[in-house]
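Colleague: Handing you a structure now.
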Amino acid sequence: MGTSDDLLGIIFESATILNGQRTPEQRIALEATTVLVGDGGRLDSLGLVSLLVMIEEAVEDKMGGECSLVDTLFNENSEDRIWTIADLVENISNELEAS
Amino acid sequence: MTRSLSVISDFNAAPFAGYFANTARDGELTVSVAPFGQVYQELGQGHGKANFSFVWTRAEGIVASFNRALEMHSVREQDVLAEVDFFADTLIKHAGSVDHCFVSTWVMPPSQLGYGLLDWRPGLGLKNLLARMNLRLAERLADSTNVYLLDPAVWLQKSANPATAKMWYVAKIPYANECFEAAAAQVLSAIDAVNGQSRRLIIVDLDDTLWGGIVGDVGAEGLRLGGHDHIGEAFSGFQSALKALARRGTQLGIVSKNEESRALAAIETHPEMILRQSDFAGWRINWQDKAQNVAELVDELRLGLGSVVFLDDNPAERERVRSALPDVLVPDWPSDPCKYVHALQGLGVFDVSVISDEDLHRTEMYATDRERRINADMSESMGDYLQNLSTEAVVAPLDAASLPRITQLFNKTNQLNMSTRRLTKDEIEAWAGAPGRSLLSLSVSDRFGDLGLTGILSLEVRDKQAVLVDYVLSCRVMGRKIEEAMVHLAVQAARDVGATTMTARYIATDRNGPTLQALRDSKLAEPEEGVFNWDCAKSYPKPDTVSLVYPTQAP
């Protein structure tokens, strides 16, 4: 099981790859407070899905655990929920602990 | 000038577009992605002139009968190939609406089992069927000179896991990011190639770049090269890769800090050397600044710095050349010689859209050029030198055999190019075939050897007014009165069709200053800046030092 810092590193690596396909204005900042979903978020749906799938794969490769972020996001009922990178770290930690 | 690339695909190609936009030089290329899954509809629409298109499809997404074959239905090969033909015919029509069209071939879907052990069996196996589809596509498109096939297998190799099932199910993206990144790099490289912007000269260092060790310290016999030594073999492999590039037209040069005589002796005498002195178009082996040496060598070979790649194991030398000569491509270079070949082949800057006889013999031409320069140094005067050269130019109209080289010359020549028109083969043929127009080529030789097809002039005559439209001469033959011989030919062609005047209009670029000088030296009248006239009542004298030969018909 990795630490929060490990997870943050994985997310930043995935975000860096995603930023490589985005214009400078569309790129997301590598900070825990960066908003991914909701008001102030810079990601469109394709960008968000791409990022989450990359993170899922990296978590599996580097930590040996499975998480299903895309499914979680699509199953969220509250549409006005805001997801930051820090929220993502917490979500993954919870999923990994539960598995 | 901003140009645009249109991406047409049967899947979501947004990641490709993102990488392409970030890799393309600012402001020069824009990219748009057509809605995916509408390939035939998009191909049927015009995409506007001066655009490129990239058609990236999956076999199972565009050839319905192949998709059925993947589901283990029995399909007839002729039905599959008929669909391939239909796709190819649609591509050919589409290619008429763009300058250049890049088309991916097909690969098996990742993880597809097919018929396992039997998958290459003719009449049954899916891999066999797919290979036939690709061959059929290539054959069908072979005569379309502005359509180029690209192999996606190379892009898929960039990722350990090229297919991400989840991304397909969620977003209809079939491949991993690395694959899209590699595809974007190759399409950009292909665009450079068709625009004549490929790198044409590789300048290499010697010690620890072309061979292992420092020749000045260990002597030729102490170098690590070939033999039963993996490092020695790696250097041999690198030399082989360079030689292979040279065989298809890329030139090689040396810039090295060494004693010239000692280094050249090692090149000529080391039994394991694959590259010999005759493989290099030129060299600067001395103790001077490498950036200065690179600039001088490039000038000697009459190339632009933008045509050059500089390879050196020493990061300080790389940084020096990179900062002093920013147009030269100076890639980071691995410290492990075993990675040299991969690094060279991964540069992706040597693709060309045409390989001419001139390309294949260019190193020999540079060698004879060195002899010419030595001869010039020994001649008492320039007049004597030119007389002694016995220059001959074979003048011929445009034909199918000369069209590829003429296209190449149109698109690569910068310094002596009056209009700098960049045209495709089809555009040249169409232009020259219209009434009132003519296009001549000059193939130059001298007593040292053949210099190849190196000159183009084209003329348009309307109402007895002749306009010299193109006046293009390879820098390889500049300064030997062929410039004046071409004006003579243009005036002669104008007189032959009854024109009263001939006009040439110089269109300035940042690189064709020598053209203006050549036109001014020609003694044509210049009533306004950059516009030159000749009264066709009188002929324009042919320079004595150039013989003109008309093998087929006089202009």
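The values are calculated or read from the model by the stated rules, or taken from the named source; none is laboratory data. Bear in mind that the values here come from a model prediction, so they are computed numbers and not experimental data. Every residue, glycine among them, receives a Cβ derived from its backbone with ideal geometry; neighbour counts consider all protein chains shown. Protein only, heavy atoms only, side chains kept; ligands, DNA and RNA dropped before computing areas. Shrake-Rupley method; radii C 1.70, N 1.55, O 1.52, S 1.80 Å.
Colleague: More than 27 Å from B:Ala17 (Cβ to Cβ), within 11 Å of chain B (Cβ to nearest Cβ), out of contact with any His (no Cβ under 8 Å at 6 or more places or on another chain) and modelled with pLDDT under 90, is that true of A:Ser45?
Modeller: Considered against the rule, which asks whether it is more than 27 Å from B:Ala17 (Cβ to Cβ), within 11 Å of chain B (Cβ to nearest Cβ), out of contact with any His (no Cβ under 8 Å at 6 or more places or on another chain) and modelled with pLDDT under 90, A:Ser45 comes out as no.
Colleague: Also, quick follow-up: State all residues of the stretch A:17-41 that are in a loop (DSSP other than H, G, I, E, B), within 14 Å of another protein chain (Cβ to nearest Cβ) and surrounded by 14 or more Cβ atoms within 10 Å (Cβ to Cβ); if no residue qualifies, say none. Step through it out loud before you land on a result.
Modeller: So in the stretch A:17-41, the residues in a loop (DSSP other than H, G, I, E, B) come out as A:20-23, A:27-34, A:38-41.
Filter once more, so that each one left must be within 14 Å of another protein chain (Cβ to nearest Cβ): A:20-23, A:27-28.
Answer for the stretch A:17-41, where residues must be in a loop (DSSP other than H, G, I, E, B), within 14 Å of another protein chain (Cβ to nearest Cβ) and surrounded by 14 or more Cβ atoms within 10 Å (Cβ to Cβ): A:Gly20, A:Gln21, A:Arg22, A:Arg27, A:Ile28.
Colleague: Residues that are assigned to a strand (DSSP E or B) and in contact (Cβ under 8 Å) with a residue 40 or more places away in the chain: does the stretch B:136-147 have at least one?
Modeller: Looking for residues that are assigned to a strand (DSSP E or B) and in contact (Cβ under 8 Å) with a residue 40 or more places away in the chain, one finds at least one in the stretch B:136-147, hence yes.
Colleague: Taking A:Ser14 and the conditions (1) assigned to a helix (DSSP H, G or I); (2) over 25 Å from B:Tyr19 (Cα atoms); (3) within 14 Å of another protein chain (Cβ to nearest Cβ); (4) not aromatic (Phe, Trp, Tyr), which numbered condition does it fall short on, given that it satisfies the others?
Modeller: With respect to (1) assigned to a helix (DSSP H, G or I); (2) over 25 Å from B:Tyr19 (Cα atoms); (3) within 14 Å of another protein chain (Cβ to nearest Cβ); (4) not aromatic (Phe, Trp, Tyr), A:Ser14 is out only on (2).
Colleague: All but one of (1) under 30 Å from A:Gly47 (Cβ atoms); (2) modelled with pLDDT of 90 or more; (3) not aliphatic (A, V, I, L, M) hold for B:Tyr148; state the number of the condition that does not hold.
Modeller: (1)
Colleague: With respect to B:Val444, is the statement that it is open to solvent by 20 Å² or more (accessible area, probe 1.4 Å), closer than 19 Å to B:Ala518 by Cα, touching a strand residue (DSSP E or B) at 6+ places or on another chain (Cβ under 9 Å) and part of a strand (DSSP E or B) true?
Modeller: The answer is no for B:Val444.
Colleague: If you don't mind, another one. If you go through the stretch A:52-64, how many residues are away from chain B (no Cβ under 11 Å) and open to solvent by less than 10 Å² (accessible area, probe 1.4 Å)?
Modeller: 2
Colleague: Still on this structure, I have one more. Kindly provide the set of residues from the stretch B:475-487 that are open to solvent by 10 Å² or more (accessible area, probe 1.4 Å) and either outside any helix (DSSP H, G or I) or out of contact with any helix residue (DSSP H, G or I) (no Cβ under 6 Å at 6 or more places or on another chain) (or both), ordered by number.
Modeller: Across the stretch B:475-487, the qualifying residues are B:Cys475, B:Arg476, B:Met478, B:Gly479, B:Arg480, B:Lys481, B:Glu484.
Colleague: Got at least one residue in the stretch B:165-185 being within 14 Å of chain A (Cβ to nearest Cβ), assigned to a loop (DSSP other than H, G, I, E, B) and touching a helix residue (DSSP H, G or I) at 6+ places or on another chain (Cβ under 6 Å)?
Modeller: yes
Colleague: For the list (1) within 28 Å of B:Asp312 (Cα to Cα); (2) free of Cβ contacts under 8 Å to residues at least 40 places away in the same chain, I need the number of the one condition that B:Ile355 fails.
Modeller: Tallying (1) within 28 Å of B:Asp312 (Cα to Cα); (2) free of Cβ contacts under 8 Å to residues at least 40 places away in the same chain, B:Ile355 fails exactly one: (2).
Colleague: Filter the stretch B:300-323 for residues that are modelled with pLDDT of 90 or more, part of a helix (DSSP H, G or I) and within 25 Å of B:Arg373 (Cα to Cα) and give the result.
Modeller: Result: B:Leu305, B:Gly306, B:Ser307.
Colleague: If you don't mind, another one. Of all residues in the stretch B:255-277, how many are under 21 Å from B:Leu360 (Cβ atoms) and out of contact with any Lys or Arg (no Cβ under 7 Å at 6 or more places or on another chain)? Please lay out each step first, then the result.
Modeller: As a first pass, look at the stretch B:255-277 and keep what is under 21 Å from B:Leu360 (Cβ atoms): B:274-277.
With the extra rule that they be out of contact with any Lys or Arg (no Cβ under 7 Å at 6 or more places or on another chain), the set shrinks to B:276-277.
Residues meeting the conditions: 2.
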